[in-house]
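Participant: The following block contains the structure, expressed as structure tokens.
The values are calculated or read from the model by the stated rules, or taken from the named source; none is laboratory data. Please read all numbers here as calculations on a predicted model, not as lab measurements. Cβ coordinates were reconstructed from backbone atoms using ideal geometry, including for glycine residues, and neighbour counts include every protein chain displayed. Just the protein is used for accessible areas: all its heavy atoms, side chains included, with ligands, DNA and RNA removed. Shrake-Rupley method; radii C 1.70, N 1.55, O 1.52, S 1.80 Å.
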Amino acid sequence: MSYDEQLQWKQEKQYKILREMTKQLSQDSTHSFSNDLRFPLLAIVASPVIDGYRNKSTFSVNRGVDGNPKTVGFYIGNGKSGNIVCVHGDHLLNMPSTHKMVARHYEDFLRLSPLKPCILFHEGGHWREITIRTNSAGHAMAIVYFHPQTLTPEEISVHKAALVEYFTQGPGAVCQLDSLYFQETTMTRCSHEQSPYQLLHGQPHIFEEVLGFKFRISADSFFQVNRGAAEALYKTVAELNRACVGGTLLDVCCGTGAVGISLSPQMERVIGIELIEQAVEDAKFNAAVNKVQNCEFLSGKAEVVLPNLIATLNSDGGLTAVVNPSRAGLHYRVVRALRNHPGIRRLVYISCKPDGEAMRNFQDLCCSSDYKRKITGEAFKPTVAIPVDMFPHTPHCELVLVFER
């Protein structure tokens, strides 16, 4: 598809999703909704960069088309059918050449290593996927995941040294990695607290600039994968928030603080909440390095932190919430805390999958009061929606939805 065709397709898809939402809200709501949208869906905001925009990619390890188990790339097929094949990602338009080059060299390193890849944990093997992060200045960070199985720390250190040598002195030196991390883990996903990211070579962080603000990115921090489109997204949110200049902004699922910090010039106070401790450290650093003094960041599960925090907030000057959750949406207790606080008159919901779990959040924000489920606050209603294309060449799209009451 041409890019114009992609944008048209995404605009229509978001319209269908919002019509479905409107239909569901009309079945149980204090507001009357017709089957059509009762609020404007504005034109999709295009990504300023269409090709090679991803600043983070994770490559898996599995059997390739030729049967070689040390193939680094992406899966086609599925586990249920038992027909998974790992293919190279060199043809992918959304991936920069640096990511493809590091992945190819990691594959070369694995094929030289005496250790087997870890495809299924219980079958043994060690080498797992690799994540590559880059910034607009051209710096690159690689994170290699490794299953220790029964190896001793001394045995593992031999293979860590081989990895460093390959990427600093050997054929992988051409990748010019600024940071090389290593994480030993027996789980599919593992935080820094559960198993530390070990810096084997180079700098501990890379940095990115967004809307004139500088952001520090750690190995496991969340950062939007498309910097140019992230700027467009934050500008869109700032524009939508024009009516609420001043007052307090609650930034829920704040990551490294990008939304809160970029909106800080128009707010009196910004409070961010984030689960990943390292991301909170980065957010605090980012506020300090940018001399932003009206932001504070709290670490913990939003569903635990928010209800207690909200009870202490003074809504003088207005209280606006911005939520930017993962595909899993917001925890029910977070939605309930936001809904039940009378001071929050406006909520901006940034969703990367509005037809998934987020739909349940939309219903809980807008449904009639439900005393059994402890939803007692006045219902919100959607007032405007804007799609932002964060992911050209894929069916995915961010949707910014404003709810008011």
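Participant: What accessible area per residue comes out for region 56-204, rounded to a whole number of Å², with a 1.4 Å probe?
Facilitator: Computed with neighbouring chains in place, this is 49 Å² per residue.
Participant: Right, next: Within a Cβ distance under 14 Å of Leu211, other residues only, what is the Lys/Arg minus Asp/Glu net charge?
Facilitator: -1
Participant: Put +1 on the Cβ of every Lys and Arg and -1 on every Asp and Glu Cβ in the chain; which of Ile50, Ala243, Ser191 then has its Cα farthest towards the positive end of the dipole?
Facilitator: Ala243
Participant: If you don't mind, another one. Under the Kirkwood approximation applied to all pairs of distinct alpha-carbon atoms, what is the hydrodynamic radius of the chain in Å?
Facilitator: 22.8
Participant: Taking amide hydrogens as modeled 1.01 Å from N in the peptide plane, which residues meet the under 5 Å criterion relative to Phe380, leaving out close sequence neighbours?
Facilitator: Sorted by chain and number, the residues that satisfy this are Cys366.
Participant: Output ³J(HN,Hα) for region 387-402: one whole-Hz value per residue in order, computed from phi by the Karplus curve 6.51 cos²θ - 1.76 cosθ + 1.60 with θ = phi - 60°, and x for Gly and Pro.
Facilitator: Ordered by residue, 3J(HN,Hα) equals x, 10, 7, 8, 9, x, 6, 10, x, 7, 7, 7, 10, 9, 10, 9 Hz.
Participant: Further question on the same structure: Suppose we keep just the DSSP beta bridges with both residues in the chain; what percent of those would be antiparallel, to 5?
Facilitator: Of the beta bridges lying entirely in the chain, close to 55 percent run antiparallel.
Participant: Per the 1.4 Å probe, what fraction of the accessible area of region 56-204, in percent, lies on carbon and sulfur atoms?
Facilitator: Taking all protein chains in place, region 56-204 shows 54 percent carbon and sulfur surface.
Participant: Which lysines does Lys291 reach when only Cα atoms under 28 Å apart count, and residues fewer than 8 places away in its own chain are ignored?
Facilitator: Answer for Lys291, where 28 Å is the Cα cut-off: Lys56, Lys214, Lys235, Lys301, listed by chain and number.
Participant: Pairs of Cα atoms under 8 Å, at least six residues apart: use those to get the relative contact order of the chain, whole percent.
Facilitator: 16
Participant: Which of Asn78, Asn62, Asn361 ends up with the largest GNM mean-square fluctuation for the chain, with Cα atoms connected below 10 Å?
Facilitator: Per the Cα network of the chain with a 10 Å cutoff, Asn78 tops the list.
Participant: So what is the accessible area of region 254-405 per residue, in Å², with the probe set to 1.4 Å?
Facilitator: 39
Participant: Which one, Cys118, Asn83, Phe167, projects farthest toward the positive side of the charge dipole computed for region 56-204 from Cβ point charges (K/R +1, D/E -1)?
Facilitator: Asn83
Participant: Further, regarding this structure: Using a 1.4 angstrom probe with every protein chain in place, what is the largest-first accessible-area order of Trp9, Trp127?
Facilitator: The ordering from most to least exposed comes out as Trp9, Trp127.
Participant: Return the long-range amide H neighbours of Ile375 (sequence gap of 5 or more, or a different chain), with a cut-off of under 5 Å between placed amide H atoms.
Facilitator: Here Asp370 satisfy the definition.
Participant: Still on this model: On C-alpha positions alone, give me the angle between the axis of helix 302-312 and the longest principal axis of the chain, in degrees, nearest 10.
Facilitator: The answer is roughly 40 degrees.
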